[in-house]
Amino acid sequence: MNYDVLKQEIIAYSREIGIDKIGFASAAPFLELKDRLVRQQELNYASGFEEKDIEKRVEPAKIFDQPRSIIAIALAYPSKMKEVVKGKRGERRGVFCRASWGEDYHTVLRDRLSQLEAFISSKVPEARFRSMVDTGELVDRAVAERAGIGWSGKNCSIITPDFGSYVYLGEMITNLPFEPDEPIEERCGTCTKCIDACPTGALVQGGQLNSSRCIAFLTQTKDFMPEEFRDHLGNRLYGCDTCQAVCPENKGMDFHFHEEMEPSSEEVKPLLEPLLQIGNKKFKERFGYMSGSWRGKKPIQRNAIIALAHFKETSALPSLIQVLKEDVRPVMRGTAAWAIAKIGGLEAKEALLKAKEKETDPEVRKEIDQGLASLNQ
């Protein structure tokens, strides 16, 4: 088998099926990465969503029998909506980050990887594969960097010369020995715009992220959001685009190559108030196809409450008061109490005083007491 010829055939086929970038890397252990991952754990900077076993994250042989190479792919996604909807007083809207626009990217990339596997198998029946997208053991960015897809930017994203950092990544370990591609030279230079713009200082330094402070991570948690971060959330419902939006390499980057990635403006910028009472079935019907729905409705609803406080949306007070009075989830009641106090006014104060008479959950009572204290200042 001439693997150089096969490599070129794979590259040509990848373009036919809508893969925007493809690269080939060795399956050697990611030794430098291991030190960084250990350090992240020691500092408690990891998000907790990652594979816990660092050995599996850095050694392909731990998860695949006799790996010979890794094929990395990237698909470019849009950064602008074709149809824009705007919120206004009385009709405030939240926003899902760009990486949640359109169909769940895990589904899209797995489809491309499956097609690639089938093509290679038709050429080499004894070929074996292990494909993964985001939730696998390997670190997508490390594989993409080694395969020459792009360089690892200071914003902790892979930045490609062609599409900036607006790309989804996936990879495939295989037992076939492809010639590896050359990594791309890093081009961030002295630029620190992403670090400077990070709303919560989560980018500790170039290429190092404290996930526990990252808004993209915080929007996915299900408990009370620590108060120090609430005012930084703005109207974000899921994810955060700031460190990508300010990157000079992303200037003018907007690609609409894949129909399934096109956003529905009403879904990615939904009205906030209706989200407070949305049921599970309706939530799944409306948002279930998006990657931003993977944690369920609870984080989205909590974030919608915080967003209404961000806008100081007085017209939403009756809805927030209803949540405070009726929602069975302490996180929702407590967050609503905080939001009601933020919006302020006599109606807000009366609602908090009434809620205090009946509330038994200690965390919710704490939010109510803090809210009343701020209103009495």
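Since every read-out is calculated from the coordinates, none of them should be taken as a lab result. Everything numeric here is computed off the predicted structure, so don't read it as measured data. Neighbour counts are summed over all protein chains in view; Cβ atoms, including those assigned to glycine, are modelled from backbone coordinates with ideal geometry.
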Suppose R0 equals 41 Å; then what is the FRET efficiency for Asn2 and Gln205 from their Cβ-Cβ distance, rounded to the nearest 0.05?
0.35
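At R0 = 41 Å, how high is the FRET efficiency between Val38 and Glu266 if r is their beta carbon distance? Nearest 0.05 is fine. It would help to have the intermediate numbers written out before the result.
Working: r = 44 Å, r/R0 = 1.08.
With R0 = 41 Å, the Cβ-Cβ based efficiency is 0.40.
Report, in cubic angstrom per residue, the convex hull volume of the C-alpha atoms of region 262-377. Before the final figure, lay out each step's value.
Details: hull volume 11.2 nm³, N = 116.
Enclosed volume per residue, from the Cα hull, is 96 Å³.
Remind me, relative contact order of the chain in percent, using alpha carbon pairs under 8 angstrom and six or more residues apart? Intermediate values should be presented prior to the final figure.
Details: 668 pairs, mean separation 74.5, N = 377.
With pairs under 8 Å counted, the relative contact order is 20 percent.
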Going by C-beta contacts inside 10 Å, put Phe287, Phe224 in order with the fewest on the left.
Phe224, Phe287
Full-extension gain between Ala118 and Ser374, please, as 0.36 nm times their residue separation minus the C-alpha to C-alpha distance.
86.0 nm
Two pseudo-spin positions, 7 Å from Cα along C-beta at Asp254 and at Thr135, lie apart in nanometres by 3.2
DSSP-loop chymotrypsin sites (Phe, Trp or Tyr not before Pro) across region 1-96, with at most 12 other Cβ within 10 angstrom:
Phe49
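Pulled fully out, how much extra length does the chain show between Lys349 and Lys298, if you take 0.36 nm times their separation in residues and subtract their Cα-Cα distance?
Numbers: separation 51, 0.36 × 51 = 18.36 nm, distance 2.57 nm.
Residue separation times 0.36 nm, minus the Cα-Cα distance, leaves 15.8 nm.
Roughly speaking, what is the stretch gain from Glu126 to Ala197, that is 0.36 nm per residue apart minus the C-alpha to C-alpha distance, in nm to one decimal?
20.6 nm
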For the chain, what does -39500 (n - 2.57) per DSSP helix run (n ≥ 4), summed and divided by total residues, give at 222 nm, in deg cm²/dmol to the nearest 500?
-12000 deg cm²/dmol
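Write down, largest first, the equivalent ellipsoid semi-axes of region 1-260 in whole Å, where each equals the square root of 5 times an eigenvalue of the alpha-carbon gyration tensor.
32, 22, 17
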Going by a 4.7 Å Cβ-Cβ cut-off, which cysteines of the chain have no partner at all?
Cys97, Cys156, Cys188, Cys191, Cys198, Cys214, Cys240, Cys247
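Please work out the FRET efficiency for the pair Val85 and Glu51, using the Cβ-Cβ distance as r and a Förster radius of 41 Å; give the result to the nearest 0.05. If you can, show how the numbers build up before the last one.
Values: r = 38 Å, r/R0 = 0.92.
Efficiency, from the Cβ-Cβ distance: 0.60.
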Work from the charge dipole of the chain (Cβ charges, +1 for Lys and Arg, -1 for Asp and Glu, about the Cα centre) and give the residue of Ser265, Pro226, Leu116 farthest towards its positive end.
Pro226
Selected from Arg92, Arg36, Arg230 as most flexible by GNM, with the chain as the system and alpha-carbon contacts under 10 Å
Arg36
Treating only the Cβ atoms of Lys and Arg (+1) and Asp and Glu (-1) as charged, compute the dipole magnitude of region 1-260 about its Cα centre; round to the nearest 20 debye.
820
Mean Cβ count within 10 Å, highest first, over the residues of peptides 111-121, 188-198:
111-121, 188-198
